[in-house]
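Following: one structure in structure tokens, then a few remarks.
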Amino acid sequence: MELQLALDLVDIPEGIKLVKEVESFIDVVEIGTPVVINEGLRAVKEMKEAFPDLKVLADLKIMDAAGYEVMKASEAGADIVTILGAAEDMSIKGAVEEAKKQGKKILVDMIAVKDIAARAKELDEFGVDYICVHTGYDLQAVGQNSFEDLKAIKSVVKNAKTAVAGGIKLETLPEVIKAQPDLVIVGGGITGQADIKAAASQMQKLIKQG
Ligand SMILES: O=C(CO)[C@H](O)[C@H](O)COP(=O)(O)O
């Protein structure tokens, strides 16, 4: 099980400063969608240059023109690129094909997908690398989480790794770990804490205990 730190509400210098503090506790650093919108793929490039040993995920949430966008994110240094599970099958296949060509990985974000289990089964057959259940900020605000969706994809996915994101905190991490995802994605649960280092370190400890 790996830990991914999601950076959503920072600029590039703030992001790099933050990662310096928690570098040894995380496996993947995510350049979140708002950061890509504000800073462009330059954020991916500068993060990879600053931390060549960390995997960098570009959270592009691709919906169309997937091959091209995966190519651009890969050129910027991304190791993993995200596409939406709601995208057309052709787009998902295009993303997988380009990622394979570039030696990169595709993570499918299942945000807003209604029949999670059925779509996860299809995506798994397309050869995606990760399938991620995700409760976005708007549904977190009304008290939702992704624990049941994680169990649902775990029961159907045979090849892809599974991931979970959306409002995970130190207190809820044990319940997430029980479902045994391959990748746990945490943003505010680390970046919003008074002691960022302690939060990341405690999370890594729980994840390592499995
Ligand atoms: O992709 C995202 C929002 O669309 C976030 O990066 C993801 O939800 C993790 O952040 P948090 O733990 O703060 O919810």
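Rule-based calculations on the coordinates, nothing more; no lab input. Keep in mind that what you see is a predicted model, and the values were worked out from it rather than measured. Note that each Cβ is placed from the backbone with ideal geometry, even for glycine, and that neighbours are counted across all protein chains shown.
Once the chain from E148 to Q193 is taken as fully extended at 0.36 nm per residue, the excess over their C-alpha distance is 13.6 nm.
Subtracting the Cα-Cα distance of E88 and D8 from 0.36 nm times their residue separation leaves 26.2 nm of extension gain. Mean-square fluctuations from a GNM of the chain, with a 10 angstrom spring cutoff on Cα atoms, peak among K104, K178, K48 at K178.
In order along the range 126-143, the phi-based Karplus estimate (6.51 cos²θ - 1.76 cosθ + 1.60, θ = phi - 60°) of 3J(HN,Hα) comes to 7, x, 5, 8, 9, 10, 10, 7, 8, 9, x, 4, 5, 7, 4, 5, 10, x Hz; Gly and Pro are listed as x. Remark: D182, D149 ranked as D182, D149, counting other beta-carbon atoms within 10 Å and listing the fewest first. The phi torsions of the range 149-162, fed into the Karplus equation with coefficients 6.51, -1.76 and 1.60 and a -60° offset, translate into couplings of 5, 5, 4, 4, 6, 4, 7, 10, 7, 10, 10, 5, 7, 10 Hz, rounded to whole numbers, with Gly and Pro shown as x. Couplings 3J(HN,Hα) for the range 65-82, derived from phi with the Karplus relation 6.51 cos²θ - 1.76 cosθ + 1.60 (θ = phi - 60°), are 6, 5, x, 5, 5, 5, 4, 5, 5, 5, 4, 6, x, 5, 8, 9, 10, 9 Hz, where x marks Gly and Pro.
For the range 28-151, the normalised intensity computed at q = 0.16, 0.23 Å⁻¹ comes to -0.75, -1.32 (log10 of I(q)/I(0), Debye sum over alpha carbons, equal scatterers, no solvent). The alpha-carbon atoms of the chain define a convex hull whose volume equals 108 cubic angstrom per residue. Put a dot 7 Å past the Cα of E125, heading toward its Cβ, do the same for K208, and the two dots end up 4.1 nm apart. A Förster distance of 35 Å, applied to the separation of the beta-carbon atoms of N38 and N159, puts the FRET efficiency at 0.50.
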